[in-house]
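The values are calculated or read from the model by the stated rules, or taken from the named source; none is laboratory data. All values derive from a computational prediction rather than experimental measurement. Note that each Cβ is placed from the backbone with ideal geometry, even for glycine, and that neighbours are counted across all protein chains shown.
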């Protein structure tokens with residue numbers, strides 16, 4: 001299936017890590033731009049609407065009985081989709097082996113999350129009926145029933161997560177008031193989440209659904225631990241980070257992290273060199289060394305575009321200030337300012353003006 005819309009259901013694993021190291025995970029996790037929003041919406045929905053259904057059996061019976069009222073509406077599960085899913089392709093996958101047994105993958109979880117992202121637009125029972133109808137219309141037995149069973153378990157797991165989050169939420173806020181994360185509390189919360197998973201899934205499913213996510217989380221926690229170690233110098237911290245990455249398994253996660261490390265270094269060195277008045281050639285050579293010639297050439301082009309925009313912005317600001325000083329009629333002055341904007345900037349650039357002006361003011365304030 002094509003993946004024009006990715007809506008995996010981001011579990012609430014470590015609340016404080018989401019706050020303090022979300023930037024790290026955001027850069028590393030694949031296709032995360034829309035994932036976080038869809039997963040957060042589904043988690044909130046279960047937290048508010050289903051907080052009382054915390055055990056696997058109860059959840060299965062409750063949602064299963066409700067779904068009987070809606071199951072007749074669907075043949076494939078794709079009929080009359082809610083607005084947020086209209087015009088999208090179903091994300092995820094259902095894989096079976098030669099014996100028609102289900103092969104559990106992360107894609108199966110993405111499939112569940114695709115439909116669960118509509119929680120709030122549709123009732124829980126309707127979503128359950130959609131998922132079951134979709135599975136059974138696309139999958140032979142016994143794999144179909146196996147997938148439905150895992151969906152029951154997944155729903156029960158999602159309903160139980162908010163209880164763990166609420167137990168640790170205030171403790172995490174207290175722990176981070178001094179700007180540092182209490183890693184002992186984080187470790188305890190991860191243990192509780194691990195126990196919860198074991199209550200609802202077998203080890204094969206846990207690994208398939210959460211293995212990649214756990215590896216990213218472990219990396220993030222390790223980076224936080226290194227950053228909070230006051231006995232290490234900056235150079236020693238960097239060495240510790242590189243050592244951790246070097247010991248990671250050779251997989252896509254390690255590749256993404258290494259690429260992000262290069263990007264971080266690129267940004268750092270670019271800012272330093274620009275502050276020192278480095279030439280365009282010097283910047284290109286540095287970038288070529290870090291990210292290769294094609295990327296260095298694209299970045300050089302971006303530099304030229306930014307410089308051109310900045311020059312026109314300064315011209316615009318000067319003319320704008322002059323008009324405001326000379327013209328008592330504010331409406332007339334604003335009309336002339338709008339005309340200058342249209343002359344100097346295209347439609348997309350005009351949308352940047354307010355934010356760019358605020359950024360320039362912030363930079364000027366920091367310099368003073």
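One table, with the values for the structure above:
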read-out	value
Which listed residue, of 235, 222, 208, 258, is part of a helix (DSSP H, G or I) and either touching a strand residue (DSSP E or B) at 6+ places or on another chain (Cβ under 9 Å) or in the same structural domain as residue 289 (by TED's automatic domain parsing) (or both)	208
Leading residue by the ranking (surrounded by the fewest Cβ atoms within 10 Å (Cβ to Cβ)) among those in segment 250-280 that are in contact (Cβ under 8 Å) with a residue 12 or more places away in the chain and more than 23 Å from the chain's Cα centre (by Cα)	280
Leading residue by the ranking (farthest from the chain's Cα centre (by Cα)) among those in segment 281-296 that are surrounded by 10 or more Cβ atoms within 10 Å (Cβ to Cβ) and under 21 Å from residue 256 (Cβ atoms)	289
Any chance residue 110 is touching a residue at least 12 places away in the same chain (Cβ under 8 Å), assigned by TED's automatic domain parsing to the domain that holds residue 150 and under 15 Å from residue 78 (Cβ atoms)	no
Sole residue being more than 20 Å from residue 209 (Cα to Cα) and either surrounded by 19 or more Cβ atoms within 10 Å (Cβ to Cβ) or modelled with pLDDT under 90 (or both), chosen from 74, 112	74
Residues being in contact with a helix residue (DSSP H, G or I) (Cβ under 8 Å, 6 or more places away or on another chain) and modelled with pLDDT of 95 or more - total across segment 195-238	11
